[in-house]
Amino acid sequence: MNKYQKGYKLKSQTMTITQSKVISYAYSSGDKNPIHINSEFAKKTMFKKTIAHGMMIGAFLGEMLFNEYGDSWLTSGSIDIKFKSPIYMDETIKTYGEVVTSENNIIKLNVSITKNDGTEAIKGYATIKF
């Protein structure tokens, strides 16, 4: 099956989220919200622990799409995602993607990220013109 056909499943990727990765992202992005980098602050929140940046996790979907579709993703891709569950330190996450339509040189894909316990953390769709 080719990667533009309905039913094509993208190669999943996994990553373990660590505090050092989150801190690096915080300083690279400029988002130094203490919920991500300060465990004492995080203890006082509804999460009770530091959580990964939503956009850091969302970017992992972008990486999966780039690895599959390259420049087409960069020049004509778009993504719409919803954050469903926080990701804590030392959790392993996995990306998923599947082409659901392919018409008029545009594909639409369902995309998601699940946590190691099976909880869906992000769900959405992407489109790419080719």
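Some observations on this one:
- Under the simplified labelling scheme, the Phe47-Lys9 pair shows an inter-label distance of 3.0 nm, with each label point 7 Å from Cα along Cα→Cβ.
- Hz values of 3J(HN,Hα) by residue in the range 19-24 - Karplus curve (6.51, -1.76, 1.60), Gly and Pro given as x: 4, 5, 5, 5, 5, 4
- The loop-placed trypsin sites (Lys or Arg not before Pro) in the range 18-113, going by DSSP, that have at most 15 neighbouring Cβ atoms within 10 Å of their Cβ come out as Lys32, Lys44, Lys48, Lys49, Lys84.
- In this simple spin-label model, placing a label point 7 Å from the Cα along the Cα-to-Cβ direction at both Lys123 and Thr75 gives a separation of 3.4 nm.
- Within the accessible area of the range 19-71 (1.4 Å probe), percent carbon and sulfur: 56
- For the range 1-80, the alpha carbon convex hull comes to 126 Å³ per residue, rounded to a whole number.
- Cα pair distances exceeding 19 angstrom across the range 31-130, given as percent: 47
- Extension gain, Ala59 to Phe130, is 23.5 nm, computed as 0.36 nm per intervening residue step minus the present C-alpha separation.
- Candidate lysines for bridging to Lys48, where Cα separation is under 28 Å - those fewer than 8 sequence places away on the same chain excluded: Lys21, Lys32, Lys82, Lys84, Lys94, Lys115, Lys123
- Relative contact order of the chain: 30 percent, from C-alpha pairs under 8 Å at least 6 residues apart in sequence.
- Stretchable slack from Ser85 to Ile106, in nm (0.36 nm times residue separation minus alpha-carbon distance): 4.6 nm
- The range 14-87: chymotrypsin sites (Phe, Trp or Tyr not before Pro) in DSSP loop, at most 15 other beta carbons within 10 Å: Phe47
The values are calculated or read from the model by the stated rules, or taken from the named source; none is laboratory data. Please read these numbers as outputs of a predicted model, since none were measured by experiment. Ideal geometry is used to build each Cβ from the backbone, glycine not excepted, and the neighbour counts take in all protein chains shown. Just so you know, the surface numbers come from the protein's heavy atoms only, side chains and all, with ligands and any DNA or RNA stripped out. Shrake-Rupley method; radii C 1.70, N 1.55, O 1.52, S 1.80 Å.
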